[in-house]
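The values are calculated or read from the model by the stated rules, or taken from the named source; none is laboratory data. Keep in mind the model is a prediction, meaning the values are calculated, not measured. Reconstructed Cβ throughout: ideal geometry from the backbone, glycine too, with neighbour counts over all protein chains shown. Surface areas here come from the heavy atoms of the whole protein model, side chains and all, with no ligands, DNA or RNA. Shrake-Rupley method; radii C 1.70, N 1.55, O 1.52, S 1.80 Å.
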Amino acid sequence: MGAEESVVVGTGAVSAEEVIRVARRGAPVRISRDAMSAMAETRKRIEAQAEDPKPVYGISTGFGALATRHIPFALRTQLQRSLVRSHAAGNGPEVEREVVRALMLLRLSTLATGRTGARPEVAQVYASLLSAGITPVVHEYGSLGCSGDLAPLAHVALAVIGEGTVRDADGALVPAATALSAAGIEPVVLEEKEGLALINGTDGMLGMLLLACEDLHGLLRLADVTAAMSVEALLGTDRVFAPDLQALRPHPGQAHAAANMVRLLAGSEIVESHANPSCTVVQDAYSLRCAPQVAGAARDTLAHAERVASWELASAIDNPVVTLDGRVESNGNFHGAPVGYVLDFLAIVVADVASMSERRTDRFLDVARNHGLPPFLADDPGVDSGHMIAQYTQAAIVSELKRLAAPASVDSIPSSAMQEDHVSMGWSAARKLRRAIDGLTRVLAIEALTAARALDLRAPLAPSPATGAVRDTIREHVPGPGTDRHLAPEIEAAVTLASSGALVASAESVVGKLD
């Protein structure tokens, strides 16, 4: 972790790239002087409100449907502690370390704006935990996405006060108090408003959105690579990807995807072999001809999701908040709908890109549609089954992705005695998107594996330099065509190459950075 430069959290937004650095690469974190000053200044306003005999929500009252009770001064420390303990009610499997680190950084970023009223020393514990590699245990279930990600954030807040369970820098499961002590971190005793400030935000769903966007940038480039390999090995034409044809429908993502495919197919002997008047194929199937339209629309949807994420990164989400002119006001900014919608939209995109990939793979296996390749790309059809069941695996994943594309954000369940009577389910949308991205990676990997085998079977005609480089990368881990072998390890090897970015990198080593 020490190799990464520190991310400095100030009063402004952290960037998506900074979130990725902290979440995935273990970058340490420090808080700017301006942010420490802003928090200290705002805290004065909270302390003044705490002395006011008039009840102020979050400072001197209960929470949610219990907000009508005024809490006497002597019980307010217990109030904040009880809030965190009671809301740390998550259940199920542990959430991934990168997700927890992302949500911790994002909550810290909101604290650092000075709009929440939390003391600087509370924020410092978040920075210290991140820098020490200590990750609170957060569970799969518990968040309704309103008021934000309460249960996940409460499990983090529990560690901040020295309770609950964490993973230390080595991944060992230990009591929070033990891990904090070993790292020289003093747990905090929460004062007025601070418990609420630590749990009232969209940080979990936003963190997962940012991680998903990072993944999808690579996977959509990979989708262009695998589509190009399939167009080539299925004797499709590259003429439909010409810039003037794409310009007739000026969606920016479509233009980028088509330009990628033109570059990837340049110099292909296979494409040139049938680019003449003797070719009787009038039009390629949609899964080949329309690849840029689908991958392009996916890019444009991703761009929209990133715009929403950028607005959310610039937000200070809490309830109540301290305004710039010093008012303490209740609000509804914690509602996760803006993030939940785009998380669901991306799950639709993932399912459709994967569905088109599976259709291209299926064409390779059918002698009625694969233009002269052996059935199922088998060495001795009948004795050997070739890639028959690889397509079954794809089909099973795509079917699952279609189910995961059903939106979570329309499924509101009222809670808190009908005080929270409409919730976003944004956390659930984010969790299923992570599963969907894993599925898309596997589907594209199987297409690449199958297309590479088909390219080999087109010998002595040579693929393009770019698709040939991808095929060669696969061949470093998976042998070429031959009698049936144990297929599962070969698929998993291709999945590793896909998820690591190695397949895209091999194509880019020939054609340069893909759009």
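Convex hull over the alpha-carbon atoms of the chain: what's its volume per residue in Å³? Kindly include the intermediate steps, with their values, before the conclusion.
Numbers: hull volume 79.6 nm³, N = 515.
Here the figure is 155 Å³ per residue.
Compared with the dominant principal axis of the Cα atoms in the chain, helix 465-475 is inclined by about 80°. Taking all protein chains into account, the per residue accessible area for the chain stands at 40 Å² (1.4 Å probe). The lysine pair count for the chain, using Cα distances under 24 Å and pairs eight or more places apart or on different chains, is 4. For the chain, the longest principal axis of the Cα atoms and the long axis of helix 150-160 meet at an angle of about 60 degrees.
A cut-off of 5 Å between modelled amide H atoms, ignoring neighbours fewer than 5 places along the same chain, links Asp384 with no other residue. Give the distance, in whole Å, between the Cα centre of region 444-491 and the Cα centre of region 356-430. Rounded to whole Å, the Cα centres lie 22 Å apart. Taking packing as the residue-averaged number of other Cβ atoms within 10 angstrom, the listed peptides 100-109, 323-332, 167-176, 53-62 run from highest to lowest as 100-109, 53-62, 167-176, 323-332.
Would you mind putting 20-28, 477-485 in packing order, based on average other-beta-carbon counts within 10 Å, highest first?
Values: 20-28: 19.7, 477-485: 13.4.
Highest mean packing first, the order is 20-28, 477-485.
If I fit a long axis through the Cα atoms of helix 33-51 and take the longest principal axis of the Cα atoms of the chain, what angle between them do I get, 0 to 90°, rounded to 10? The angle comes out near 50 degrees.
Highest mean packing comes first when the peptides 211-217, 337-343, 68-74, 192-198 are listed by Cβ atoms within 10 Å, giving 192-198, 337-343, 211-217, 68-74.
Other residues within the sphere of radius under 13 Å centred on the Cβ of Glu163, judged by their own Cβ, net out at +2 (K and R +1, D and E -1).
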